[in-house]
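One structure, as C-alpha cells, below. Some questions next.
The values are calculated or read from the model by the stated rules, or taken from the named source; none is laboratory data. Just so it is clear, the model here is predicted, and its values are computed rather than measured. Note: accessible area is taken over every heavy atom of the protein model, side chains too, but ligands, DNA and RNA are not part of it. Shrake-Rupley method; radii C 1.70, N 1.55, O 1.52, S 1.80 Å.
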Amino acid sequence: VTLTTWVDFDGFEGNSTSYDNVLITCGDVGTSSAVNYPYFFNVTSTGRMRLWWEYGSNSNEDILSTSTATIPAGYTMLSVTKNVATNEVHFYQDGNLIQGPMSYTNDPSGGGSANLRLAVNQQAGVFDFDGKQDEVRISNTVRSQDWLSTNFNSISSPGTFYTIGPRIMSGPAPDWCY
C-alpha cells in the first residue's frame, strides 16, 4: 500500500510520540476485528512519521520513524509505503527517502467495517490535523521512490518534469481549407 498526501501544517498537537496530527486513517473505534485499522498515518509534533495498523482482535503493529521530516512553511508531500511481500515500511518526504526499510511482523487483518477519514482521529478529537491537506492518494500498489519523486516534481516543479522543444517546420503547412 502507498499513502500520499500534500500537507501544509498550521500547527502541531501532542508530543513527540503520540498519535497526533492525523493525516489518513481507515478504521473505527472498537475491539472487534471488523473495525480494525488497516492503516493509520500521522506525524508527531517533532516531525516523526508513523504508520500503524491492527491485526487479530485489538492487537497492533506500530512503525514510528526515528528520522524526522523537515516541516516547511507551505505544502510538503508526505508518503509511506508498506510492502506486505517483504514486511517493510518506507517513509518519504517530497519523494525523498526519510527512513526505511523498517521491518514489521504482522500484516493488518479485519477492518471490513472500517471508515476512511482524512485529518481526523476518530478516537480522540484532540489529535486532529491542524492545517491544509490536498492531493490525498491511497494505492494498493507499493510505489517506488522514483515514482514518488516523479509525482512530486510533476506537481511542485513541472519544468523539472518535462521539456518543450522548439517548433519544427518541415515545408509548407498543409492547406486544410477546401
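Tell me the per residue accessible area of the range 1-117 using a 1.4 Å probe; a whole number in Å² is fine. The partial results should precede the final answer.
Values: 4400 Å² over 117 residues.
It amounts to 38 Å² per residue over the range 1-117.
Taking amide H positions as placed in the peptide plane 1.01 Å from N, state which residues far from Y19 in sequence (5 or more) or on other chains have amide H under 5 Å from it.
HN-HN under 5 Å from Y19: empty list.
Amide H of N115 versus every other amide H placed in the peptide plane: which residues, excluding those fewer than 5 positions away on the same chain, fall under 5 Å?
For N115, whose amide H was placed from the backbone, the distant partners under 5 Å are G27, D28.
Taking only DSSP H segments of four or more residues, each worth -39500 (n - 2.57), what value at 222 nm results for the chain once the sum is divided by all its residues, to the nearest 500 deg cm²/dmol?
Counting only the DSSP helices, I get -2500 deg cm²/dmol.
Which whole-Hz ³J(HN,Hα) couplings does the range 138-144 yield from phi under the Karplus relation 6.51 cos²θ - 1.76 cosθ + 1.60, θ = phi - 60°, glycine and proline marked x?
Rounded to whole hertz, the list is 10, 10, 7, 10, 7, 7, 7.
Tell me, what ³J(HN,Hα) does each residue in the range 52-64 have, in order and in whole Hz, if you take phi through Karplus 6.51 cos²θ - 1.76 cosθ + 1.60 with θ = phi - 60° and put x for Gly and Pro?
9, 8, 10, 9, x, 10, 6, 9, 9, 10, 10, 10, 10
Further, regarding this structure: Could you give the angle, 0 to 90 degrees to the nearest 10, between helix 145-156's Cα long axis and the longest principal axis of the Cα atoms of the chain?
Taking Cα atoms only, the helix is inclined about 60 degrees.
Using alpha-carbon pairs under 8 Å, 6+ residues apart, how would you state the relative contact order of the chain in percent?
29
Something else now. Which shape class, rounded, prolate or oblate, goes with the range 1-154 when its Cα gyration tensor gives a ≥ b ≥ c as root eigenvalues, a/c under 1.5 marks rounded, and past that a/b bigger than b/c marks prolate?
Values: a/c = 1.63, a/b = 1.20, b/c = 1.36.
Judged from the Cα gyration tensor, the range 1-154 comes out oblate (a/c at least 1.5, b/c at or above a/b).
Specify the residue with the greatest mean-square fluctuation among I71, I164, I155, computed from a Gaussian network of the chain linking alpha-carbon atoms under 10 Å apart.
I164
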